[in-house]
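K.L.:
Got a structure here, written out as structure tokens. Questions coming.
The values are calculated or read from the model by the stated rules, or taken from the named source; none is laboratory data. Everything numeric here is computed off the predicted structure, so don't read it as measured data. All Cβ positions, glycine included, derive from the backbone under ideal geometry; neighbour counts span all protein chains shown.
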Amino acid sequence: MLRNLSFNKWKQDWDSGDTGRAIFNILPKGTLTPASWSRESILFATGHGPFPSYLYRFRLHHSDISACGEKGDPLHYATSCHMTLSYHFTKPSAENTQLWWKNILSNKLSRINIAKLVSFLTENENLIKQPLDATSSSDSDPDFSPHQDLRLMD
């Protein structure tokens, strides 16, 4: 009974919440059965991990741009980055992006390829991120310091 009450409360929050919408669009129905996703699939679906777009959001990198000059998010590395060509999926059209995510993450072979892609990105993180001395873009933070809070005051 308590389990059902807890689950129903969580489901209400899940259905009407603001956070987690990327995953909600892929898995809209909550269940007590865990999804059989690897750590890499979860990182890919949430956009967390070695992606410049994620690292920049938390001021762990100076830019959200990849080494090849495009936004460094999971879709970029999975469909258009020249450094990850051997892991590419077909790039979806704008109107089919949500369906693309759902299909990719519900297919076991695709999730295996995603795991390989995320492992590659993790192992080569310094190669996939735009270097600090690269030509700056509008998304680049000129005052960036990954340890900004640790700097001594003058």
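K.L.:
Of these, Ser36, Ser53, Ser63, Ser41, which one is in a loop (DSSP other than H, G, I, E, B) and closer than 19 Å to Thr122 by Cα? Break it down into steps so the answer makes sense when it comes.
P.N.:
Values: Ser36 fails: closer than 19 Å to Thr122 by Cα; Ser53 fails: in a loop (DSSP other than H, G, I, E, B); Ser41 fails: in a loop (DSSP other than H, G, I, E, B).
Going through Ser36, Ser53, Ser63, Ser41 in turn, just one is in a loop (DSSP other than H, G, I, E, B) and closer than 19 Å to Thr122 by Cα: Ser63.
K.L.:
Which condition from (1) over 12 Å from the mean Cα position of the chain (by Cα); (2) assigned to a loop (DSSP other than H, G, I, E, B) is the one that Trp100 breaks?
P.N.:
(2)
K.L.:
Also, I was wondering about something else. Those residues that are β-branched (Val, Ile, Thr) and either in contact with a strand residue (DSSP E or B) (Cβ under 8 Å, 6 or more places away or on another chain) or part of a helix (DSSP H, G or I) (or both), I need them from the stretch 66-93; list them, please.
P.N.:
Within the stretch 66-93, Thr79, Thr84 meet the criteria.
K.L.:
Out of the stretch 33-57, which residues are among the aliphatic types (A, V, I, L, M) and more than 18 Å from Lys102 (Cβ to Cβ)? Full working, then the answer.
P.N.:
We begin by selecting, within the stretch 33-57, every residue among the aliphatic types (A, V, I, L, M); these are 35, 42-43, 45, 55.
Across the stretch 33-57, the qualifying residue is only Leu55.
K.L.:
Can I ask one more? Which residue is surrounded by the fewest Cβ atoms within 10 Å (Cβ to Cβ), if the candidates are limited to the stretch 3-33 and must be polar (S, T, N, Q) and either touching a helix residue (DSSP H, G or I) at 6+ places or on another chain (Cβ under 7 Å) or assigned to a helix (DSSP H, G or I) (or both)?
P.N.:
The selected residue is Ser16.
K.L.:
Moving on to the next point. Is it true that Gly30 is within 27 Å of Arg3 (Cα to Cα), in contact with a Lys or Arg (Cβ under 6 Å, 6 or more places away or on another chain) and not aliphatic (A, V, I, L, M)?
P.N.:
For Gly30, the condition - within 27 Å of Arg3 (Cα to Cα), in contact with a Lys or Arg (Cβ under 6 Å, 6 or more places away or on another chain) and not aliphatic (A, V, I, L, M) - is met.
K.L.:
Within the stretch 116-134, count every residue that is more than 15 Å from Leu55 (Cα to Cα), among the aliphatic types (A, V, I, L, M) and touching a Phe, Trp or Tyr at 6+ places or on another chain (Cβ under 8 Å).
P.N.:
The number of residues fulfilling the criteria is 1.
K.L.:
Restricting attention to the stretch 37-63, and to residues there that are under 20 Å from Lys91 (Cα atoms) and touching an Asp or Glu at 6+ places or on another chain (Cβ under 9 Å), which single residue is surrounded by the most Cβ atoms within 10 Å (Cβ to Cβ)?
P.N.:
Phe51
K.L.:
On the basis of being modelled with pLDDT under 50 and either over 20 Å from Pro92 (Cβ atoms) or exposed (fewer than 11 other Cβ atoms within 10 Å of the Cβ) (or both), does Asp139 make the cut?
P.N.:
The answer is no for Asp139.
K.L.:
I need the full set of residues from the stretch 71-96 which are under 22 Å from Arg21 (Cα atoms), among the hydroxyl-bearing types (Ser, Thr, Tyr) and either touching a residue at least 24 places away in the same chain (Cβ under 8 Å) or exposed (fewer than 13 other Cβ atoms within 10 Å of the Cβ) (or both), in order please. Show your work before the answer.
P.N.:
First, pick out the residues of the stretch 71-96 that are under 22 Å from Arg21 (Cα atoms): 71-79, 91-96.
If we keep only those that are among the hydroxyl-bearing types (Ser, Thr, Tyr) as well, we get 77, 79, 93.
Tyr77, Ser93, listed by residue number.
K.L.:
Let me ask another. Of the residues in the stretch 97-122, how many are at pLDDT 95 or above and surrounded by fewer than 12 Cβ atoms within 10 Å (Cβ to Cβ)?
P.N.:
Number satisfying all stated conditions: 1.
K.L.:
Looking only at residues in the stretch 123-136 that are under 19 Å from the mean Cα position of the chain (by Cα) and of a type in the set (S, T, N, Q), which one is modelled with the highest pLDDT?
P.N.:
Asn124
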